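Where a number appears in this text, it was derived from the coordinates with a stated rule and is not lab data. Just so we're clear, the structure is a prediction, and the values are computed from it rather than from any experiment. Cβ: placed from backbone, ideal geometry, glycine included. Neighbour counts: every protein chain shown.
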Amino acid sequence: MSFLGKIFTWWDGATFGTMLWSARNGEHVGTDAQGNKYYRSKKAENGRERRWVIYDGANDASRVPSEWHGWLHHSYDELPESHLEPAKIWEADYSPNATGTLGAYRPAGALERGGMRAAATGDYEAWTPDA
């Protein structure tokens, strides 16, 4: 991304100001498999350290893996690499949140798919209060 892009855009990675502030006031503690970088403050404020993430690409909170999410929200103090379980064979790789995009899930009957849905099969029985 160009220098001007880093100054004026925040939605695709960190701005120049955020990177400068992180370099002066933060300590880089780790990077996840997607390239997101995690920081903590050098000085605690009110007895608690500040933690944040700088995304590698689009700023989307669903890109933070669960182990780093717990660390960011002070669920535990150790870095995730220190107590990370090995991946399970059934775990799927990350896929981005597609809400609001052309790749979003559209069920049968959605207006984007023509608004037509299958007819009722007759297995539905309406509830009546006197029954």
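Per-residue ellipticity at 222 nm from helix content only, as computed over the chain with -39500 (n - 2.57) for each DSSP H run of at least four residues, stands at -4500 deg cm²/dmol.
Extending 7 Å from Cα along the Cβ direction at residue 89 and again at residue 33 yields two label points whose distance is 1.7 nm. For the range 41-90, the Cβ-based charge dipole about the Cα centre amounts to some 200 debye (Lys, Arg positive; Asp, Glu negative; other atoms uncharged).
If neighbour count is taken as other Cβ atoms inside 10 Å, put 43, 37 in order from fewest to most. Write out the running numbers ahead of the final one.
On the way: 43 7, 37 18.
Placing the least packed residue first, the sequence is 43, 37.
I want to verify a result. In a Gaussian network model of the chain, Cα cutoff 10 Å, which of these has the top mean-square fluctuation: 72, 111, 20? Residue with maximal mean-square fluctuation among 72, 111, 20: 111. Mean sequence separation of contacting Cα pairs (under 8 Å, at least six apart), scaled by the length of the chain, corresponds to a relative contact order of 13 percent. Just checking the listed ones, 117, 50, 63: in the Gaussian network model of the chain with Cα springs under 10 Å, the one fluctuating most is 117. Considering only 65, 54, 103, whose Cα is most displaced toward the positive end of the charge dipole of the chain, charges sitting on Cβ of Lys, Arg (+1) and Asp, Glu (-1)? Among 65, 54, 103, the one farthest towards the positive end of the dipole of the chain is 54. Within the listed set 17, 26, 115, the residue fluctuating most in the Gaussian network model of the chain (springs between alpha-carbon atoms under 10 angstrom) is 115.
Overall size of the chain from C-alpha positions, given as principal axis extents largest first: 67, 38, 36 Å. Working note: Cα gyration tensor of the range 68-131, eigenvalues times five, square-rooted, sorted largest first, giving semi-axes of 43, 21, 14 Å.
Taking GluC sites (Glu not before Pro) as exposed when DSSP calls them loop and at most 16 other C-beta atoms lie within 10 angstrom, the chain has its longest site-free stretch at 1-48.
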